[in-house]
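The structure under discussion appears below in the form of structure tokens.
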Amino acid sequence: MLRASALFTVCFVALNAFAGQYDFLRGNEGAQKEFRTLLESGNYSQALMAWETSYFGTPFSQSPTGIATWAYLLYQNGLPYTALETLIQNTSPAQIDPQLVKIWSTELKKSQWIQKGWIVTTGGWKTVVNNEPVSILIKNKNSATLAFQRASKLGPENINEKARIWWQIATQSPQIGDLDSSLKALKLLRESGQTAIGQDMINMTQGRVLYQKKDLAAALNFYQQVPKSSSLWLEAVEERAWTHLRMEDYDKAFGVVNTAISPVFAPLAGPETFFLANLMAYRVCDYPRVFSNSEIFKKRHKMRLNEIQELAQKGSSAKMNQIFDRFEQSGVSQESAGPLVEAAPRQLFHDQQFIRYMESRRQVIAEVNKATQLFDQSKALGINPELERMLIKEKQQADELKQKAYSRARTLAQVDLKEYHVVLNKMHVIEGEIIERLHLDDNLKGQRSKLSKNDDKGDVLVFPSGDEVWMDELDNYKARVKDCPTLKGASL
């Protein structure tokens, strides 16, 4: 009997807690009572339809609690982006009923749009989740220490806010030579369980910091941890080649750079990759390869350079329009761009600002379609003015996000053009140096050292380096390069 009584008490308390979740909604008769019942039962679709007959046009609907209630209806009906913007832009937790603040606090902490910072909290909502862009200037080691202290004051529930501070330390400290602070911040990012910064970005940054520290073997280890699925992978391959070159391991450097300039990655390899390939060939005196690489570079990049110039000058291009259409269908990625990827700025696929604009537009377009369906359903009950106004606003917002995305793409295209200018000058310097060397010793009278013994054993296939590409070869090239000849007997 006691056990049954205890069970009844638990169930009664649980039901009371559930029933009291929407006590802030006044009115126990008619449409308002029905609306509250629909919410308590989780029938959010019907509750949205019932909003007009229960509360629309009343003082409650214009109050902060009413606006937050309407936003909650949108959120639960598959319109999270619109709902969160409605909530954050038009209300403050201090003005809303505490019960509803508690409900929204839970949703904000688990929303990907909030946690990724694509919708930024403002005003009083920053006390619930503060995801505003972190503005920290690391001028010296003391600045980094203060930034660490700022992060440590935040509780574990604000782990992504901590991560944004650590990321600023990690990326700014190397600029003032404070590599230890950067490595400490990267370790915290890796081990904290945060979701604000991608693991591929962390590994790439750690590789670069260790390279700067001249711990080249460790740098290689982190570059190799960037997965092939990441948009940063080809950059990691290129930087591995630079690392091998700095270690004067020309065999491995040549093998890795062969992957980077493979025809398979022709749409992705930037001018810096070809400069590296030419510098490598120059170091080992493979002069024909330098001029061959330059010819390949011209052929591959002629069209791309024209597209990038058009985007940088006009702010759009025919191929970028097609790329945008692909992004709206499948999201921002190199795979989505497909064969058109070569017409896009290189940093486009991991530029957080561009991704935020484009993914937000993609979500808003999806919500326009969803809201249109809800609006059509509401016509059976009479036109819903709130949904109609919301649709108009969403369509305007989608257009604004597209313009912001194009503006960012144009800025990135201008960055690409500057890179082309710098790299082309460097490649011309290499070619000029080669011509001078050949003029000094046109017969290459020096002697090359003998090839080292090939120690490959077992079932090893050796593929000749040429135009044909075997997929198993990529990122697994091995090379043995000859030393440069000495310029014995060279004369003017």
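The values are calculated or read from the model by the stated rules, or taken from the named source; none is laboratory data. If you're wondering where the values come from, they're calculated on a predicted model, not measured in any experiment. Note that each Cβ is placed from the backbone with ideal geometry, even for glycine, and that neighbours are counted across all protein chains shown.
Condition first: over 17 Å from the mean Cα position of the chain (by Cα), surrounded by 13 or more Cβ atoms within 10 Å (Cβ to Cβ) and in contact (Cβ under 8 Å) with a residue 60 or more places away in the chain. Now tell me which residues in region 316-343 satisfy that.
Ser316, Met320, Glu342
Could you pull out the residue among Lys214, Lys228 that is under 22 Å from the mean Cα position of the chain (by Cα) and of a type in the set (Lys, Arg)?
Lys228
Run down Arg346, Arg356 and say which single residue is touching a residue at least 60 places away in the same chain (Cβ under 8 Å), more than 26 Å from Glu272 (Cα to Cα) and basic (Lys, Arg).
Going through Arg346, Arg356 in turn, just one is touching a residue at least 60 places away in the same chain (Cβ under 8 Å), more than 26 Å from Glu272 (Cα to Cα) and basic (Lys, Arg): Arg356.
Filter region 278-315 down to the residues that are of a type in the set (S, T, N, Q) and surrounded by fewer than 16 Cβ atoms within 10 Å (Cβ to Cβ) and list them by number.
Result: Ser292, Asn306, Gln313.
What are the residues in region 38-53 that are farther than 15 Å from Leu374 by Cβ, among the polar types (S, T, N, Q) and either in contact with a Gly (Cβ under 7 Å, 6 or more places away or on another chain) or modelled with pLDDT of 90 or more (or both), if any?
The one that is farther than 15 Å from Leu374 by Cβ, among the polar types (S, T, N, Q) and either in contact with a Gly (Cβ under 7 Å, 6 or more places away or on another chain) or modelled with pLDDT of 90 or more (or both): Ser41.
Could you figure out which of (1) within 25 Å of Leu412 (Cβ to Cβ); (2) among the small types (Gly, Ala, Ser); (3) touching a Lys or Arg at 6+ places or on another chain (Cβ under 8 Å) isn't true of Ala318?
(3)
Residue by residue through region 53-77, note down the ones that are outside any loop (DSSP other than H, G, I, E, B), among the hydrophobic types (A, V, I, L, M, F, W, C) and over 33 Å from the mean Cα position of the chain (by Cα).
Within region 53-77, just Phe60 meets the criteria.
Here are some conditions: (1) within 20 Å of the chain's Cα centre (by Cα); (2) touching a residue at least 60 places away in the same chain (Cβ under 8 Å). Glu367 meets all but one. Which one does it not meet?
Every condition holds for Glu367 apart from (1).
For region 145-170, what are the residues that are of a type in the set (Val, Ile, Thr) and more than 13 Å from Thr195 (Cβ to Cβ)?
Listed by number, the residues that qualify are Thr145, Ile165, Ile169.
Got a number for residues in region 231-264 being touching a residue at least 60 places away in the same chain (Cβ under 8 Å), hydrophobic (A, V, I, L, M, F, W, C) and touching a helix residue (DSSP H, G or I) at 6+ places or on another chain (Cβ under 7 Å)?
Count: 4.
Tell me the helices (runs of 4 or more DSSP H) entirely within region 204-297 that contain at least 2 residues that are touching a Lys or Arg at 6+ places or on another chain (Cβ under 8 Å) and assigned by TED's automatic domain parsing to the domain that holds Asn425.
Fully inside region 204-297 and qualifying: 271-283.
Could you check region 240-262 and list, in sequence order, the residues that are crowded, with 22+ Cβ neighbours inside 10 Å and among the charged types (D, E, K, R)?
Within region 240-262, Arg240 is the sole residue that qualifies.
Which one is nearest to Trp70 (Cα to Cα) among residues in region 362-385 that are at pLDDT below 80 and small (Gly, Ala, Ser)?
Among those residues, the one meeting the criterion is Ser378.
Just checking, which of Lys162, Lys102 is touching a Leu at 6+ places or on another chain (Cβ under 9 Å) and either free of Cβ contacts under 8 Å to residues at least 24 places away in the same chain or part of a helix (DSSP H, G or I) (or both)?
Sole residue among the options that is touching a Leu at 6+ places or on another chain (Cβ under 9 Å) and either free of Cβ contacts under 8 Å to residues at least 24 places away in the same chain or part of a helix (DSSP H, G or I) (or both): Lys162.
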